[in-house]
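Heads up, the thing below is written out as structure tokens.
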Amino acid sequence: MNIILLGPPGAGKGTQAQRLVEERGMVQLSTGDMLRAAKTSGTEMGKKVAAIMDAGQLVTDEIVIGLIAEQLEKGSEGGFIFDGFPRTLGQADALDALLAEKGQKLDAVVQLEVDDETLVKRIVNRAAEAVAAGKEARADDNEESVKIRLMEYYKKTSPLIGYYYAKADLKTVDGLQSMDEVAAGIAEALA
Ligand code: AMP
């Protein structure tokens, strides 16, 4: 089963993806995690995307499609969870083509719905919690970058909701519920 977790920054995609990995043996493909890893290890690509990511803007389709293509090559028995990808219509088309090449398809697109005020609060809290735990907060988890990330989401990613509604099996789960309730909602959506 291949699924997309769709939603704005701070909707809980990463948290829920991890649960699906543990519970169903699926493989999480988070382009945000892959890009952060490239940034930390200082690869050419990492250096190229660092400032764009820190500002909260989207990196080019070409870069993220390349990252996903590489991971799809490895295959996954339990299927893939796409977390934070696709974020543009171009990426959505590319994903379709990449899956079709492998004789695969998308089985579900689960949208996590959370209001904007909660998103901003959650992200700013996430940064404060990281610092309190003695860890480094994400460079883009500050109020200024969050606003730009939300703007990018509305301009470039939110059209995917209509796209997948028309094309595939779009399910909506209320992301304001507790983590367990959201997980239960996702399980129901995938049943
Ligand atoms: P995330 O961890 O998903 O919030 O992603 C962090 C940042 O990585 C985003 O704000 C973008 O700069 C970049 N990024 C992650 N995934 C994508 C994507 N699919 N397309 C473009 N940029 C992305």
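Put simply, of 97, 137, 127 the only residue that is farther than 19 Å from residue 7 by Cα and surrounded by fewer than 16 Cβ atoms within 10 Å (Cβ to Cβ) is 97. Taking residues in the stretch 19-47 that are assigned to a loop (DSSP other than H, G, I, E, B), and partners anywhere that are surrounded by 18 or more Cβ atoms within 10 Å (Cβ to Cβ), the pairs with Cβ atoms closer than 7 Å and at least 6 places apart or on different chains are 26/20; 26/80; 26/81.
Condition check: away from the ligand (no atom under 13 Å from the Cβ) and farther than 25 Å from residue 123 by Cβ. Does residue 22 satisfy that? Judged against the criteria, residue 22 is not a match. Being in a helix (DSSP H, G or I), modelled with pLDDT of 95 or more and buried (at least 18 other Cβ atoms within 10 Å of the Cβ), is that true of even one residue in the stretch 164-180? Yes: one or more hits.
Just to be sure, is residue 6 open to solvent by less than 10 Å² (accessible area, probe 1.4 Å) and more than 10 Å from the ligand (Cβ to nearest atom)? Quick ask: steps written out before the conclusion?
Working: open to solvent by less than 10 Å² (accessible area, probe 1.4 Å): yes; more than 10 Å from the ligand (Cβ to nearest atom): yes.
So residue 6 passes the test.
With the structure loaded, tell me whether residue 73 is open to solvent by 40 Å² or more (accessible area, probe 1.4 Å), more than 15 Å from the ligand (Cβ to nearest atom) and part of a helix (DSSP H, G or I) or whether it fails that test. Yes, satisfied.
Return yes or no: is residue 162 at positive phi and free of Cβ contacts under 8 Å to residues at least 40 places away in the same chain? Write out each step before concluding.
On the way: at positive phi: no; free of Cβ contacts under 8 Å to residues at least 40 places away in the same chain: yes.
Spelling it out, it is not the case that residue 162 is at positive phi and free of Cβ contacts under 8 Å to residues at least 40 places away in the same chain.
Of all residues in the stretch 96-118, those that are over 23 Å from residue 187 (Cβ atoms) and within 16 Å of the ligand (Cβ to nearest atom) total 4.
The values are calculated or read from the model by the stated rules, or taken from the named source; none is laboratory data. All of these numbers come straight from a predicted model, not from anything done at the bench. Methodologically, a virtual Cβ is constructed for each residue, glycine included, from the backbone with ideal geometry; neighbour enumeration extends over all protein chains shown. For accessibility, only protein heavy atoms count, side chains too; no ligands or nucleic acids. Shrake-Rupley method; radii C 1.70, N 1.55, O 1.52, S 1.80 Å.
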